[in-house]
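To start, the structure itself, in structure tokens.
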Amino acid sequence: MSRHMFPALACALAVAVVAVAGQQPGGRQGGAPQQPQVRGGYTEAGTLQVRIVEFTADRASIKPGESITLSWIVENPRGGGGADPVAITPAIGRVAPRASRRVTPQATTTYTLTAVGLVTPPTNDGNPQKTGPVTRTLTVTVAGTQPIAASDTVARASDLATPRTADGKPDLTGVYGFGAAAGGGGRGAAPPAPAPGGIARTPTLKPGSEKYRVVRGPTDAGLYASCKPPGVPQTFMAPYFMQIVQSPKYIVLIHEYLTLPRIIEMNAQHPVDPDPFYMGHSVGRWDGDTLVVDSIGFKDSEFQNIRTTEALHLVERFRRPNMGTLEYEAVIEDPNVFAAPWMIARTFPFLPEHTRIDEFYCENNRDYKDLFGAKP
């Protein structure tokens with residue numbers, strides 16, 4: 001399933017569609033186990049096994065100095081255990097699941113395509129899913145040369161130094177994947193420890209502000225169902241890529257979801273009375289190797305099931321400790337809603353195989369409530 005699937009429809013499918021394939025009460029005749037349920041949306045995508053569809057070279061034999069084109073198609077990679085989702089050795093490294101690359105091998109070379117993902121899905125009898133690699137190789141013969149020694153290691157982006165601009169600042173330019181909450185954790189985990197300086201990691205509503213808490217009913221398809229921009233920092237929670245384009249005067253963040261841009265003017269001042277926008281009004285400055293972004297001028301929005309107001313104020317910090325990692329922190333303040341400022345933190349992986357995000361067009365903002373059927 002494409003990562004560009006319209007999230008509103010996916011959410012509706014995940015809630016409203018649960019089809020059972022080939023099942024009858026009591027199972028098949030002879031006691032065979034029932035078939036797994038076929039589920040819609042992202043739930044079904046999470047059960048698909050990794051597969052290398054093809055891995056080819058346009059020529060198997062070349063003369064010294066000539067080039068060949070490698071092409072490959074991989075389905076359902078997901079990575080795991082620190083491994084890249086899709087990579088080619090030797091020398092090439094992490095690549096997109098479906099792409100091609102022009103290479104000029106100096107000697108006879110065996111290329112290995114490795115894809116990591118689900119190799120054994122979960123079963124109804126309780127066996128857990130297993131994640132691992134699948135591989136495919138091909139050899140390109142270079143006339144008059146000896147085969148080079150095989151190698152299955154390439155430098156990961158997280159092992160490389162932070163790139164820098166001509167003025168010595170960290171270069172944040174690049175495409176980044178969906179972020180993980182810093183420090184891990186998940187449902188049922190203990191609340192994260194307070195941030196440095198005693199800032200809480202979870203929100204506390206001020207007295208009398210319970211009206212800002214969002215409570216969704218069974219027919220509410222969710223925040224993303226309306227095609228309305230989710231605002232900041234909620235946009236960072238959407239499971240899509242983002243791209244940063246950096247220059248000395250402006251830094252532009254483009255979120256793939258809804259193709260939402262944020263233009264950060266460096267070393268500037270906020271207007272006295274900014275027009276409210278879903279993405280706010282942002283100015284930035286460098287504090288050593290940390291990009292500090294101050295944002296005001298937001299429309300009423302929502303974050304973590306709490307509505308925010310035009311008084312929302314964000315101070316965000318971006319750091320790139322190495323080539324492969326973007327660290328993000330945001331201190332959130334809204335005196336109409338929260339008793340005190342609080343902070344979130346995430347990390348975003350750099351995706352060297354991507355040079356730009358794709359267009360996202362929210363083509364239908366219809367009301368999805370009729371998909372849930374008539375009320376009794």
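Observations on the structure shown:
- Those strands (runs of 3 or more DSSP E) of segment 63-140 in which 1 or more residues are touching a Phe, Trp or Tyr at 6+ places or on another chain (Cβ under 7 Å), of a type in the set (Val, Ile, Thr) and not assigned by TED's automatic domain parsing to the domain that holds THR355 occupy 86-89.
- Selection within segment 198-238: residues that are among the basic types (Lys, Arg) and not in a loop (DSSP other than H, G, I, E, B). The member of this set that is surrounded by the fewest Cβ atoms within 10 Å (Cβ to Cβ) is LYS211.
- Just one of the numbered conditions (1) modelled with pLDDT of 95 or more; (2) not in a loop (DSSP other than H, G, I, E, B) is not true of THR43: (1).
- Among residues of segment 198-227 that are within 23 Å of ALA339 (Cβ to Cβ), those with a Cβ under 9 angstrom from a residue that is hydrophobic (A, V, I, L, M, F, W, C) and assigned to a helix (DSSP H, G or I), sequence gap 6+ or separate chain, pair up as VAL214/LEU223.
- Candidate set from segment 104-144 (those that are farther than 24 Å from ASP84 by Cβ and free of Cβ contacts under 8 Å to residues at least 12 places away in the same chain); member that is surrounded by the fewest Cβ atoms within 10 Å (Cβ to Cβ): GLY126
- For segment 88-109, filtering for residues that are within 25 Å of THR131 (Cα to Cα) and not basic (Lys, Arg) leaves 10.
The values are calculated or read from the model by the stated rules, or taken from the named source; none is laboratory data. Since this is a predicted model, take the numbers as computed values, not measurements. Cβ atoms come from the backbone with ideal geometry, glycine included; neighbour counts cover every protein chain shown.
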